[in-house]
Ligand SMILES: Cc1cn([C@H]2C[C@H](O)[C@@H](COP(=O)(O)OP(=O)(O)OP(=O)(O)O)O2)c(=O)[nH]c1=O
């Protein structure tokens, strides 16, 4: 992992930056400015598609030798894909849908290596199942009216006050917070090894 000439995180999410910092990676931050477009109802495919759009948008403005990381997180519940809520009412609706049950969190990640002769792209998706305790109407209302849900997929943050309602998870915790850093590291390592062979 010491061969990176330049690493760029195509994300405005402070959580993703912190998760990379936790494993000793300090990328430059260049958030993507594209309008995100989903062309599928399958959550795994949607997050991979969006992570790729973000990473490729930023990669198109980078010098050769740069690695770019793009990511996207959604919650899937009751056949619906839940992104960030539009307003507090929307947050209430999302939390009422997921309380007392199990839902899935998917994060799609795309790594782009900007080569001199075209880019190399690697995309993958990580899933975590999250089990929630039942919530009263008052608990849903208080949480939905707070600032916490507004910038988060599914209208909750496992890392904040919402922890009071988390019964357990199956899978990677960091994936729920927005970036499965263990998997990202392993995939980057494989990408570098491939570069070395070529
Ligand atoms: C479910 C869940 C999501 N989230 C966050 C992770 C993501 O930052 C956010 C989902 O929005 P995203 O669109 O994936 O990312 P973003 O808008 O924050 O940043 P960018 O598009 O620039 O990359 O929800 C939590 O922080 N905690 C949680 O428990």
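Report relative contact order for the chain in percent, whole number only (criteria: Cα-Cα under 8 Å, sequence separation at least 6).
Relative contact order comes out at 22 percent.
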Can you give the extra length, in nm with one decimal, that the chain gains between residue 189 and residue 21 once fully stretched, where that is 0.36 nm per residue apart less the Cα-Cα distance? 58.8 nm
Separation of region 92-108 and region 29-70 by C-alpha centroid, Å? 24
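Taking 37 °C and 0.692 mPa s as the conditions, I'd like the Stokes-Einstein D for the chain in µm²/s, using the Kirkwood hydrodynamic radius from alpha carbon pairs. Please report the intermediate quantities before stating the final value.
Numbers: Rh = 17.4 Å.
Approximately 189 µm²/s, per Stokes-Einstein.
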If I build a Gaussian network model for the chain, linking alpha-carbon pairs within less than 10 angstrom, which residue out of 95, 140, 23 has the largest mean-square fluctuation? 23
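Which length gain, in nm to one decimal place, applies between residue 89 and residue 173 when the Cα-Cα distance is subtracted from 0.36 nm times their residue separation? Mind showing how you got there, number by number?
Values: separation 84, 0.36 × 84 = 30.24 nm, distance 2.70 nm.
Working it through step by step, the gained length comes to 27.5 nm.
At a Förster distance of 41 Å, what's the computed FRET efficiency of residue 36 paired with residue 197, Cβ-Cβ distance as r, to 0.05? Present the calculation step by step, with values, prior to reporting the outcome.
On the way: r = 34 Å, r/R0 = 0.84.
Once the sixth-power term is evaluated, E becomes 0.75.
Could you work out the helix-only [θ] at 222 nm for the chain, with each DSSP H run of four or more residues adding -39,500 (n - 2.57) and the total divided by the number of residues, to the nearest 500 deg cm²/dmol? Could the numbers behind the result be given before it?
Numbers: 6 runs with 67 residues, N = 198.
Mean residue ellipticity at 222 nm (helix-derived): -10500 deg cm²/dmol.
Label region 146-198 by shape, choosing from rounded, prolate and oblate, from the square roots a ≥ b ≥ c of the eigenvalues of the Cα gyration tensor; if a/c is under 1.5 it is rounded, and otherwise prolate applies when a/b is larger than b/c, oblate when it is not.
Details: a/c = 5.45, a/b = 2.68, b/c = 2.03.
In terms of gyration-tensor shape, prolate.
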Compute the long axis of helix 43-59 from its Cα atoms, compare it with the longest principal axis of the Cα atoms of the chain, and write down the angle in degrees, 0 to 90, nearest 10. 40
Under 1.5 on a/c is rounded, so check that first for region 96-198, then, if it is not, pick prolate when a/b is larger than b/c and oblate when it is not; a ≥ b ≥ c are the square roots of the alpha carbon gyration tensor eigenvalues. prolate
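If I stretch the segment between residue 150 and residue 60 completely, what's the gain in nm (0.36 nm per residue apart, minus their alpha carbon distance), one decimal? All intermediate terms of the calculation are to be shown ahead of the outcome.
Numbers: separation 90, 0.36 × 90 = 32.40 nm, distance 2.97 nm.
The span from residue 150 to residue 60 would gain 29.4 nm if fully extended.
Laboratory data are not the source of any read-out in this text; all were calculated from the coordinates shown. Predicted model only: the values in this text are computed from it and were never measured. Counting neighbours? That spans all protein chains shown, and the Cβs are built from the backbone with ideal geometry, glycine included.
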